[in-house]
Amino acid sequence: MKIKTLLLAAVSAAALASNAIAEGHGKVKVGMITTLSGGGAGLGIDVRDGFMLAIKESGNENVEVVIEDDQRKPDIAVQLADKMIQSEKVDVMTGIIWSNLAMAVVPSAVAQGKFYLSPNAGPSALAGKGCSPNYFNVAWQNDNLHEAAGAYASEAGLKNSFIMAPNYPAGQDALNGYKRFYKGELAGEVFTKLGQTDYAAEIAQIRASGADSVYFFLPGGMGISFMKQYAGSGVDIPLVGPAFSFDQGILQAVGDAALGVKNTSQWSKDLDNETNAAFVKNFQAEYDRLPSLYASQGFDTANLLLSAMEKADVKDADAFRAALKEADFKSTRGDFSFGNNHHPIQDIYVREVIKEGDVYTNKIIGTALEDHADAFASECDM
């Protein structure tokens, strides 16, 4: 009788465990590789902080996050990814900011059966023919915000843009995206070095170009350096950019020189939905600063993960993948869905840099593109 009772108890425990897994209670180990030092550290810190805020707010104790600093170096990122996959045995990876690092890490990670949820980098090579069932981008495809800027510039009557970006995958995607939707002529097109801090030569080219506008993509410390030098140069040609060039961290360092500049983004702190209002309030309370675009992307990435965990166990790859694809979470952006290539379909807005008290920030002034997908989805055979 005792043996029978023990067997029944074992069967009952196994059934409960099975039900718990079916209800999404299995543990998930997340490997976050992001930039936490050097010129791009602010971007990685914001992604990390947004991600961890969502985990904290969820109260879900079944998520373990291992965080490492890639130092914005592809070789370091590869070493960390190998360690996380082989030694740490992570289930899901996330965190990479820079597209050259993403290209060094993501294809290998997904080939080894890991899920990768990108909170930022969206290189075109991973959106088209290089798409993968295990790769989901929760931010945008690299071209998207630049396409919106090109559309805005055309609508605003700008006809002779000088365009500039760093020479790496995201920079190349940026200028291609701008040109895809821009209807005017180009006064000049320049690729700078990634991490460059001196823009005297480029500003001289802009001055002599006859441009009626300057479109530039220089994220992190690069944008701060350029904006300060541009403001001091006396060149008064209007600037346009993506949110990366005029986001929360950059604006405080640039100051008045950024006021009035138009930029494009899929997110803004004044987006009118309940989830975003709570996110902005809670992020500021937790970290004593306003959230950035990057923080919102980290927050949404974590909530996508949590939504999938509620529906499936990560060990059941097909079920977990299907749960991710559903994107059944409340995004800071409001409406959010994935296209066939696991990249977002979303609205992209035009923002203007303003000052609220002593704080430089952005406000939405219009919508550049509605329900916008990327140009590479048709090349993805998923």
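Just so it is clear, none of the values below were taken in a lab; they were calculated from the coordinates. Values in this document were obtained by computation on a predicted structure and should not be read as measured data. All Cβ positions, even for glycine, are placed from backbone atoms using ideal geometry, and neighbour counts span all protein chains on display.
Quick rundown of the values:
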{"item": "Simple label model, 7 Å out from Cα along Cβ direction - ALA204 to VAL66, nm", "result": "5.0 nm"}
{"item": "For GLY339, residues with placed amide H under 5 Å, excluding near neighbours", "result": "ILE345"}
{"item": "Ranking of SER225, SER337 by count of other Cβ atoms within 10 Å, fewest first", "result": "SER337, SER225"}
{"item": "Two-site label geometry, ASP381 and THR367: point separation in nm, points 7 Å out along Cα→Cβ", "result": "3.6 nm"}
{"item": "In Hz, Karplus ³J(HN,Hα) per residue of region 111-126 (6.51, -1.76, 1.60; θ = phi - 60°; x = Gly, Pro)", "result": "5, 8, x, 8, 7, 10, 10, 7, x, 7, 3, x, x, 4, 4, 9"}
{"item": "Which listed pairs, of LYS73/LYS193; LYS83/LYS330; LYS27/LYS114; LYS114/LYS311, have C-alpha distances above 23 Å, in listed order", "result": "LYS83/LYS330"}
{"item": "Dipole of the chain, positive end: most advanced residue of SER378, ILE45, ILE163 [Cβ charges, Cα centre]", "result": "ILE45"}
{"item": "Other-chain or far-sequence residues with amide H under 5 Å of ALA368's (modelled H)", "result": "ILE348, TYR349, VAL350"}
{"item": "Kirkwood-Stokes translational diffusion coefficient of region 287-382, alpha-carbon pairs, 37 °C, 0.692 mPa s, µm²/s", "result": "211 µm²/s"}
{"item": "Proximal charge balance of MET84 [Cβ under 14 Å; K/R count +1, D/E count -1]", "result": "-3"}
{"item": "Residue-by-residue Karplus 3J(HN,Hα) for region 327-340, coefficients 6.51, -1.76, 1.60, Hz, glycine and proline x", "result": "6, 8, 9, 8, 8, 5, 8, x, 5, 8, 8, 9, x, 4"}
{"item": "Rounded to whole Hz, the Karplus (6.51, -1.76, 1.60) HN-Hα couplings of region 307-315, x for glycine and proline", "result": "5, 5, 5, 6, 10, 8, 8, 4, 6"}
{"item": "Computed magnitude of the charge dipole of the chain (debye, nearest 20; Cβ of K, R +1, Cβ of D, E -1)", "result": "640 debye"}
{"item": "Residues LEU158, LEU80 arranged by fewest to most Cβ contacts within 10 Å", "result": "LEU158, LEU80"}
{"item": "Loop sites in region 266-350: GluC sites (Glu not before Pro), DSSP, at most 15 other Cβ within 10 Å", "result": "GLU310"}
{"item": "Computed over region 291-382: relative contact order in percent, which uses C-alpha pairs under 8 Å that are six or more apart", "result": "20 percent"}
{"item": "Descending principal axes extents, region 161-292, alpha-carbon based, whole Å", "result": "46, 31, 27"}
{"item": "Tail fraction, Cα-Cα pairs, region 327-382, threshold 15 Å, whole percent", "result": "61 percent"}
{"item": "Global size of region 254-328 as Cα Rg and Dmax, reported in angstrom", "result": "16.3, 52"}
{"item": "For the chain: relative contact order, % (alpha-carbon pairs under 8 angstrom, 6 or more apart)", "result": "19 percent"}
{"item": "Order by protection proxy (mean Cβ within 10 Å, highest first), peptides 108-115, 214-221", "result": "214-221, 108-115"}
{"item": "Dimensionless Rg ratio for the chain, taking C-alpha atoms and the 2.2 N^0.38 Å reference", "result": "1.04"}
{"item": "Candidates per trypsin sites (Lys or Arg not before Pro) in region 243-290, loop by DSSP, up to 15 other Cβ within 10 Å", "result": "ARG289"}
{"item": "Share of Cα-Cα pairs in region 153-235 lying beyond 16 Å, as whole percent", "result": "49 percent"}
{"item": "THR35, THR367 arranged by Cβ crowding within 10 Å, fewest neighbours leading", "result": "THR367, THR35"}
{"item": "Within the chain, helix-based [θ] at 222 nm, where runs of 4 or more DSSP H residues each add -39,500 (n - 2.57), nearest 500", "result": "-13000 deg cm²/dmol"}
{"item": "Whole-number percent relative contact order across region 134-224, with pairs defined as alpha carbons under 8 Å at least 6 apart", "result": "35 percent"}
{"item": "Magnitude of the charge dipole, region 265-382, Cβ model with Lys/Arg +1 and Asp/Glu -1, debye to 20", "result": "320 debye"}
{"item": "Neighbourhood net charge (11 Å Cβ-Cβ; Lys/Arg +1, Asp/Glu -1) for PHE246", "result": "0"}
{"item": "Reachable lysines from LYS159, criterion Cα separation under 20 angstrom, eight or more residues apart if same chain", "result": "LYS179, LYS183, LYS262"}
{"item": "Amide H contacts under 5 Å for ILE67, placed H, 5+ residues apart", "result": "MET32"}
{"item": "For the chain, built as a Gaussian network whose Cα springs stay under 10 Å, the top-fluctuating residue of ILE203, ILE224, ILE163", "result": "ILE203"}
{"item": "GNM result for the chain, Cα springs below 10 Å: residue of ILE354, ILE96, ILE33 fluctuating most strongly", "result": "ILE354"}
